[in-house]
Each structure stands twice: as C-alpha cells, then as structure tokens.
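Working notes for the structure below.
The values are calculated or read from the model by the stated rules, or taken from the named source; none is laboratory data. These numbers come from a predicted model, not from an experiment. Cβ sites come from the backbone with ideal geometry, for glycine too, and all protein chains shown count toward neighbours.
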Amino acid sequence: MAPIGQSVERTGGSEILARAKARAALVPDCLVEARRIANTVSAGWHGRRRRGIGENFWQFRPYSPGEDMARIDWRRSARDDHTYVRDKEWQAAHTVWLWADLSASMMYRSKLGQVSKESRALVLMLALAEILARSGERIGSPGLMEPIAARNAAERLAAALAYADNVTGLPDTSMIRGSSEIVLIGDFLDPLEAIMARIAPLSSRGLRGTLIMVADPAEADFPYAGRTEFTDPETGEKFTAGRAEVLAEDYRRAYAASRDALGAELRRIGWSLIRHSTDRPASEALVAAHITLSGQGSAR
C-alpha cells in the first residue's frame with residue numbers, strides 16, 4: 001500500500017539523483033533538530049543500564065541465598081533488618097543498528113503534517129544515534145556505517161546519509177548478530193506478508209527489534225472529499241475517486257486493521273511497534289523508543 005495524495009514524476013535515474021541531492025540538503029538541518037530534541041529528552045534518559053561486571057554502582061537489592069557473601073554491603077544492611085547486595089553496572093558496549101526507509105513514499109507531506117515523513121524519520125534516526133552514543137553504545141546502520149563507539153556517531157551517520165546513493169528497502173543485514181538490537185524507521189505501508197518476510201530472518205537470529213511507524217495524519221484520517229486523484233509514488237499508478245468521502249470509512253477501517261495486524265505480528269516475535277504521526281512532536285517517539293530500548297516496557 002502506498003501513501004495517498006502525492007504525485008511523483010517518474011524519471012528513472014534522474015529522479016533518484018534529484019532525490020539524493022534533496023536528501024543531502026535536508027540532512028544538516030535534520031542533524032541540528034535531532035541534537036535539539038536529544039538535549040531536551042536526554043534530561044530524562046537514564047541510560048540502558050544492566051546488572052553485570054563493572055566499576056560503577058547501580059543499585060542495592062535484597063540478598064538471595066546462595067550468592068557470594070562478599071558482595072553483601074554490610075553498612076547498608078545494618079540500617080534495617082534486611083541484607084542487601086551492592087550491584088555494579090554492566091559496562092560492555094551494546095550495538096544498536098539504526099535504519100530509516102527513505103524511499104519515495106517517505107517524501108509525502110499533507111497540509112496536516114508538520115514535516116515530511118522523510119524529514120521526521122531522519123530526525124528520529126539521528127536523535128537516537130546522538131543519545132545512544134552519549135550512553136556509550138555502539139551505533140551502526142546496515143549498508144551505511146559499520147558500528148562505532150564515538151560521541152560524534154550521529155554526525156558521522158549524517159555524513160553517510162548525505163552521501164548515500166539510494167536508501168530504499170532494507171539492505172543486507174547478514175552482518176547483524178543476535179547480541180545486537182535494531183531500530184527500523186519507516187511508514188511500513190507494504191503488505192504485512194512482505195514486511196514480515198524481511199523481519200522474520202532478523203528475529204530468527206535472535207535480534208531484538210523495534211519498528212517506528214511514521215505516518216502523516218492524512219494517511220490515517222483520509223480528509224478528502226469530491227473528485228480526487230491519488231498517485232502511488234512508488235509505481236506511478238493513479239486512481240481517481242469521483243466522491244472520495246464515500247471511501248473514507250472503509251479506508252480508515254482498513255488502515256487501522258493493517259496497523260493493528262502489524263503490531264500483533266511484532267508482539268508475537270517479541271518485537272515492538274511505536275506509532276508516530278508527523279503532526280506530533282518528534283520527542284514523543286524518542287521517549288517511546290527509550291522506554292522500549294531500556295526494557296522498561298513495550299510501546300504499541
């Protein structure tokens with residue numbers, strides 16, 4: 001299923017080149033916006049801490065029979081009638097792969113949306129890279145950038161995006177192993193079977209994944225009436241509705257059912273779906289991604 005209400009002139013290689021140039025011009029502004037949002041959200045971003053070996057204190061927790069008594073914190077335990085263990089924080093860097101679909105359908109923006117889906121996807125991708133890099137995680141992007149642990153990971157990812165020839169479709173992911181996580185950002189309007197066919201191999205390798213479904217509000221609300229021509233930006237196929245408002249109820253029902261079916265399939269394989277509309281602040285999706293990646297819950 002392709003986005004509605006957008007006409008795209010199909011000119012083969014020249015169109016791809018023009019879109020690549022437009023994306024290159026868009027990336028610097030998206031990086032600035034991503035850093036602004038990252039600075040806003042990071043005040044409540046407490047990292048992705050896990051119990052393990054390390055030097056930094058994480059938490060006190062009750063002692064369990066059979067544990068090494070050398071780990072007991074006797075000073076804390078002396079405060080009440082319980083015995084407590086001092087946990088250290090796991091300090092091994094984790095790898096998070098980030099990918100955004102920048103195909104033609106992502107260029108859509110209606111009058112109801114603040115920005116295009118492409119712009120919002122880039123901002124979310126770069127903001128995630130910025131905050132995860134600050135937390136010491138290794139950041140990579142399949143087909144664009146090998147995993148790196150660096151404070152300027154977002155800037156390097158932005159450079160890779162700006163000079164990429166064509167970022168459409170999920171690239172080769174054979175290099176991603178089960179100890180990693182992957183965040184996929186796109187509109188996910190393809191048939192459910194096609195989406196799951198791309199995701200299932202990742203899940204079967206033990207990857208933990210999160211999909212951020214970026215939508216223009218018009219794609220869910222269908223605010224059209226009268227004679228309206230719709231163009232599929234991927235294929236150029238056109239459809240003309242004599243009275244678009246007659247289709248609205250059935251369309252909204254089908255759109256919601258498709259979105260719910262995707263969420264159900266992802267939950268079945270242990271993945272998460274975050275729904276985000278471009279008329280909402282990008283920070284909302286970023287906070288939801290933090291909750292999911294931190295293991296504090298599962299967004300829907």
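Would you confirm whether any residue within segment 195-210 is of a type in the set (D, E, K, R), assigned by TED's automatic domain parsing to the domain that holds Val123 and closer than 20 Å to Ala121 by Cβ?
Going through segment 195-210, the residues of a type in the set (D, E, K, R) turn out to be 198, 205, 208.
Pick out the ones that are also assigned by TED's automatic domain parsing to the domain that holds Val123 and you get 198, 205, 208.
Now narrow it down to the ones that are closer than 20 Å to Ala121 by Cβ: 198.
Looking for residues that are of a type in the set (D, E, K, R), assigned by TED's automatic domain parsing to the domain that holds Val123 and closer than 20 Å to Ala121 by Cβ, one finds at least one in segment 195-210, hence yes.
What are the pairs, 6+ residues apart or on separate chains, where a residue within segment 117-146 that is in contact (Cβ under 8 Å) with a residue 12 or more places away in the chain and under 17 Å from Arg35 (Cβ atoms) has its Cβ under 7 Å from a residue that is assigned to a helix (DSSP H, G or I) and charged (D, E, K, R)?
Val123/Glu33; Glu130/Arg35
Quick one: which residue in Ala149, Ala93, Ala160 is of a type outside the set (Val, Ile, Thr), modelled with pLDDT under 95, surrounded by fewer than 21 Cβ atoms within 10 Å (Cβ to Cβ) and touching a Leu at 6+ places or on another chain (Cβ under 6 Å)? Walk me through how you get there before you give the answer.
Numbers: Ala149 fails: touching a Leu at 6+ places or on another chain (Cβ under 6 Å); Ala93 fails: touching a Leu at 6+ places or on another chain (Cβ under 6 Å).
The match here is Ala160.
Can you name the residue in segment 107-121 that is more than 13 Å from His276 (Cβ to Cβ) and aliphatic (A, V, I, L, M) and is also nearest to the chain's Cα centre (by Cα) among such residues?
Here is the first cut: in segment 107-121, the ones more than 13 Å from His276 (Cβ to Cβ) are 107-112, 116, 118.
Now restrict to residues that are aliphatic (A, V, I, L, M): 107, 112.
Working: Met107: 17, Leu112: 22 Å.
Result: Met107.
Any chance segment 257-277 includes a residue that's surrounded by 13 or more Cβ atoms within 10 Å (Cβ to Cβ), in contact with a helix residue (DSSP H, G or I) (Cβ under 6 Å, 6 or more places away or on another chain), within 26 Å of Val123 (Cα to Cα) and among the aromatic types (Phe, Trp, Tyr)?
No: zero hits.
With (1) modelled with pLDDT of 95 or more; (2) on the phi > 0 side of the Ramachandran plot as the list, and Gly295 as the residue in question, which single condition is left unmet?
Failed condition: (1).
So which of Trp58, Trp45 is surrounded by 14 or more Cβ atoms within 10 Å (Cβ to Cβ), modelled with pLDDT under 85, farther than 30 Å from Arg252 by Cα and within 18 Å of the chain's Cα centre (by Cα)? Please lay out each step first, then the result.
Values: Trp58 fails: within 18 Å of the chain's Cα centre (by Cα).
Going through Trp58, Trp45 in turn, the sole match is Trp45.
In segment 73-83, is there at least one residue being outside any helix (DSSP H, G or I), modelled with pLDDT under 80 and surrounded by 12 or more Cβ atoms within 10 Å (Cβ to Cβ)?
No: segment 73-83 contains no residue that is outside any helix (DSSP H, G or I), modelled with pLDDT under 80 and surrounded by 12 or more Cβ atoms within 10 Å (Cβ to Cβ).
Report, by residue number, each residue of segment 240-256 that is under 17 Å from Leu189 (Cβ atoms), surrounded by 12 or more Cβ atoms within 10 Å (Cβ to Cβ) and not basic (Lys, Arg).
Keep residues of segment 240-256 that are under 17 Å from Leu189 (Cβ atoms), which gives 247, 250-256.
Of the ones still in play, those that are also surrounded by 12 or more Cβ atoms within 10 Å (Cβ to Cβ) are 247, 251-252, 254-255.
Once the filter is applied, which keeps residues that are under 17 Å from Leu189 (Cβ atoms), surrounded by 12 or more Cβ atoms within 10 Å (Cβ to Cβ) and not basic (Lys, Arg), segment 240-256 yields Leu247, Tyr251, Ala254, Tyr255.
If you go through segment 200-230, how many residues are part of a helix (DSSP H, G or I), in contact with a Leu (Cβ under 8 Å, 6 or more places away or on another chain) and within 18 Å of Arg177 (Cα to Cα)?
Adding up the residues that qualify gives 0.
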